[in-house]
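The values are calculated or read from the model by the stated rules, or taken from the named source; none is laboratory data. Just so we're clear, the structure is a prediction, and the values are computed from it rather than from any experiment. Here the Cβ is made from the backbone with ideal geometry for all residues, glycine too, and neighbour counts use every protein chain on show. Keep in mind that these areas ignore ligands, DNA and RNA; they rest on the heavy atoms of the full protein, side chains included. Shrake-Rupley method; radii C 1.70, N 1.55, O 1.52, S 1.80 Å.
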Amino acid sequence: MIILEPFTTNDIPLMLNWNFLEDELVQFGGTAFTYPLTEQQIVNFMKTKNAMYFKAIDPENNVVIGAGQIVLMDNNTAKLARIVVGDKESRGKGYGKRMMMSFVQYARKELLRENVMLNVFDWNEGAIKCYEKIGFTFADVPPSFFDLPNGKPWLSKQMNFTGSID
């Protein structure tokens, strides 16, 4: 299991060293960040109300491989957001699935949230497959459109966790 620990200002240089390309930053951060990512943007993001930001650590080698956010919402719901395997060397190795399960388990067991949801861009087939494998299904709610800084309108769909956290 991936270990989640609070993301602190000491972790900012690590995130900046992930050197997100503009499209990667938009995909992971939506409208929360602008390219190029700066220390001040991350500091401001960490102040988001009703939200917690975590670093994700591989316990086998104690390496921070990613980060993510849990937003506490109404109706006993936790929204998973801005979850990314930031370390490019760690991508494609199954960390995404393990990170997502860690976030779901944290929301359910530590925060005692009954409902866990997320939003995903409709074209992000890799993420959708990952989410479906661990128990997320598409919600019966209208999609949202985002006009992103790169000028492209992107369609975002909600998924709810309907699986088990055994």
Within the range 97-124, residues modelled with pLDDT under 95 and out of contact with any Ser or Thr (no Cβ under 8 Å at 6 or more places or on another chain) come out as Trp123, Asn124
Hey, does the range 20-41 have a residue that's assigned to a helix (DSSP H, G or I), of a type outside the set (Phe, Trp, Tyr), touching a strand residue (DSSP E or B) at 6+ places or on another chain (Cβ under 9 Å) and under 15 Å from Ile70 (Cα atoms)? yes
Any chance Thr34 is over 25 Å from Leu111 (Cβ atoms), surrounded by fewer than 19 Cβ atoms within 10 Å (Cβ to Cβ) and at pLDDT below 95: yes
Note on Met1: of the conditions (1) under 30 Å from Asp140 (Cβ atoms); (2) open to solvent by 80 Å² or more (accessible area, probe 1.4 Å); (3) assigned to a loop (DSSP other than H, G, I, E, B), unmet is (1)
Those residues of the range 95-119 which are farther than 25 Å from Leu16 by Cβ and either in a loop (DSSP other than H, G, I, E, B) or among the hydrophobic types (A, V, I, L, M, F, W, C) (or both) amount to Met101, Val104, Ala107, Leu111, Leu112, Arg113, Glu114, Val116, Met117
Among residues of the range 125-166 being assigned to a strand (DSSP E or B) and modelled with pLDDT under 95, the residue surrounded by the most Cβ atoms within 10 Å (Cβ to Cβ) is Trp154
Scanning the range 39-53 for residues that are touching a residue at least 12 places away in the same chain (Cβ under 8 Å) and open to solvent by 30 Å² or more (accessible area, probe 1.4 Å) gives Glu39, Val43, Met46, Thr48, Asn50, Met52
Of those in the range 59-100 that are surrounded by 13 or more Cβ atoms within 10 Å (Cβ to Cβ) and of a type in the set (S, T, N, Q), the residue nearest to Gly30 (Cα to Cα) is Gln69
Being modelled with pLDDT of 95 or more and charged (D, E, K, R) narrows Asp23, Asp11 down to just Asp11
